[in-house]
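Data block below; observations after.
The values are calculated or read from the model by the stated rules, or taken from the named source; none is laboratory data. This is a predicted model, so every value here is computed, not measured. Here Cβ is always computed from backbone atoms with ideal geometry, including for glycine, and neighbour counts include all displayed protein chains. Note: accessible area is taken over every heavy atom of the protein model, side chains too, but ligands, DNA and RNA are not part of it. Shrake-Rupley method; radii C 1.70, N 1.55, O 1.52, S 1.80 Å.
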Amino acid sequence: GKNWSERIWDNNQMFADAVEDTVTVGIMTGQRYDEMRDNLLHVIGLDDTEGARYRSARLVQTECAYVANQGHLMGYQAAEIEKYIFLATLDLRTSKICRSLDGKRFLVSEAQPGTNYPPMHPWCRSTTMPDMTAEQLRKVPRAARDPKTGKSITVPGDMTYQQWYEKFVEGAK
């Protein structure tokens, strides 16, 4: 009894609710991304094709990143932390936007997901940390990926994506 537009908006709301429920339950019960993906496929009645699994996995992982980063933001606000440092993943899969933001400082009061606060895009793996002095930051170990071996390495906490790239990619023999 509804027109096409009304049916679409009802379906969009049902889909949004299914995503929210799946991610909320998944996080609260400690489910892995692939378990949440499969639950979402089951709840919304999509087939188990490669494309549907990929899109569901992208949505679940991006929404989980959003929830985790919003938790960090709420912690900064509760602790009255004024600034945060944007942290991109130090590997060759990192997006241009996240590379360009790595190491930059922003006001907590101006945090905007997709603008200066993660997630910046689907599949975003960036995060943040509270602001600290250069001396403190230098002492904090930071994880990175060695592009030659593919193994995890530790670099100084004040190393930016650009510095990592110059040393481990451009500087590698």
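Per-structure values
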{"read-out": "Residues satisfying the stated conditions in the range 35-54, i.e. outside any helix (DSSP H, G or I) and among the hydroxyl-bearing types (Ser, Thr, Tyr)", "value": "Thr49"}
{"read-out": "Qualifying position, being over 26 Å from Val155 (Cα atoms), of a type in the set (Gly, Ala, Ser) and over 14 Å from the mean Cα position of the chain (by Cα), among Ala57, Ala79", "value": "Ala79"}
{"read-out": "Residue within the range 154-161 that is free of Cβ contacts under 8 Å to residues at least 60 places away in the same chain, closer than 25 Å to Tyr33 by Cα, of a type outside the set (A, V, I, L, M, F, W, C) and surrounded by 14 or more Cβ atoms within 10 Å (Cβ to Cβ) present", "value": "no"}
{"read-out": "Subset tally (residues that are open to solvent by less than 40 Å² (accessible area, probe 1.4 Å), of a type in the set (A, V, I, L, M) and in a helix (DSSP H, G or I)) for the range 55-94", "value": "4"}
{"read-out": "Residues being in contact (Cβ under 8 Å) with a residue 60 or more places away in the chain and either out of contact with any Phe, Trp or Tyr (no Cβ under 9 Å at 6 or more places or on another chain) or open to solvent by less than 20 Å² (accessible area, probe 1.4 Å) (or both) - total across the range 95-125", "value": "6"}
{"read-out": "Matching residues in the range 10-34 - criterion: being part of a helix (DSSP H, G or I), exposed (fewer than 11 other Cβ atoms within 10 Å of the Cβ) and either modelled with pLDDT of 85 or more or not small (Gly, Ala, Ser) (or both)", "value": "Asn12, Gln13, Met28, Thr29"}
